[in-house]
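The structure appears right after this line, and notes come after that.
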Amino acid sequence: MSLSGKTINLDQVEKIYQTRTGPVQALSKISVNLDSGSFVSIVGPSGCGKSTLMNLIAGLDTTPHGSIRINGEKINGPVDGNAVVFQKDVLLDWRSVIDNVLLPLEIQGISWWSRPNRKTNKERAKELLELVGLKGFEDKYPHELSGGMRQRVAICRALIQEPELLFMDEPFGALDALTREQMMYDLLRIYNKYKFTCIFITHSIEEAVFLSDRVLVMSSRPGKLVKDISINLPRPRNSESRNDSNFTGHVNEIRSIFKTQGILSEV
Ligand SMILES: Nc1ncnc2c1ncn2[C@@H]1O[C@H](COP(=O)(O)OP(=O)(O)OP(=O)(O)O)[C@@H](O)[C@H]1O
């Protein structure tokens, strides 16, 4: 499996939700261009519109304000070649690990023997599970796995679709600190191998800097883009990269933006 990414162009994107108590402006005039194959994190305070932005780019929601283009095409709904990983893994408890990974292909009507020139999809699912350290767990059921293992299965389920654009909405948010760190290394390895375009939402500044080519920093609601930072940290990255002065520099820069905005305060 070798993937290519998608380019994304946002021009003056806004989102206003109509609610029972009146309109809620979630996003304000977001314009940004993202390169194919880049890893982009979005960080910002709770409620600033990160998931709203992701849903719009993924075509899971629409807005009449501004335009979103993927590979130059204006989007009006879900686009082929996208996959999403959420904070909650939403695995189906009655399906084995491997059957959970194969689920999207089944939904798309792609049977196991329909790609004659490739390895069977079951073999691909096994390869992906091996890649994330779950070799031997193919026939287990979700309730037999830890939170980190379940999230790895969810990542495999996204990757089996060979996405050109992978959305990850706080995928490690529910995990303990150690598992979370391991998942970062796993994700780096997967990204290095497949080079899809990745949009990664996180509350963790360190996670964003460590993983990304670019970090988009958002303000409180209505979410605006307050800084677009290109991360100057060579790849391949490993735990040593966090000792790099550029890593600390970027982390401090983002932290000071949040301080200036009154989102972080030490008193
Ligand atoms: N379907 C909806 N209807 C009305 N308001 C909504 C809807 N979805 C989100 N909002 C509001 O839009 C704003 C942005 O929400 P969103 O979930 O995008 O933020 P977020 O940055 O992802 O938050 P968090 O980090 O807490 O997950 C919030 O004020 C939220 O209450």
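The values are calculated or read from the model by the stated rules, or taken from the named source; none is laboratory data. Predicted model only: the values in this text are computed from it and were never measured. So basically every Cβ, Gly included, is an ideal-geometry build from the backbone, and we count neighbours across all protein chains shown.
Can you give me the number of residues within the stretch 31-51 that are among the polar types (S, T, N, Q), at pLDDT below 95 and within 16 Å of the ligand (Cβ to nearest atom)?
Residues flagged as among the polar types (S, T, N, Q), at pLDDT below 95 and within 16 Å of the ligand (Cβ to nearest atom) within the stretch 31-51 amount to 2.
Evaluate the following for V85: is it touching a residue at least 60 places away in the same chain (Cβ under 8 Å) and either of a type in the set (G, A, S) or away from the ligand (no atom under 15 Å from the Cβ) (or both)?
Answer is no for this residue.
Restricting to the stretch 47-82, give me the number of residues that are assigned to a loop (DSSP other than H, G, I, E, B) and in contact (Cβ under 8 Å) with a residue 60 or more places away in the chain.
The first filter runs over the stretch 47-82 and keeps only residues assigned to a loop (DSSP other than H, G, I, E, B), leaving 47-49, 58-66, 71-72, 75-81.
When the remaining residues are screened for being in contact (Cβ under 8 Å) with a residue 60 or more places away in the chain, the result is 47-49, 58, 71-72, 79, 81.
Residues that pass the stated criteria total 8.
Please determine, by comparing only the residues of the stretch 162-220 that are charged (D, E, K, R) and in a helix (DSSP H, G or I), which one is nearest to the ligand (Cβ to nearest atom).
Per the criteria, the residue is E207.
Go through the stretch 1-35 and report how many residues are assigned to a loop (DSSP other than H, G, I, E, B) and buried (at least 16 other Cβ atoms within 10 Å of the Cβ).
4
Given the criteria of a type in the set (F, W, Y) and surrounded by fewer than 17 Cβ atoms within 10 Å (Cβ to Cβ), does Y185 qualify?
Yes.
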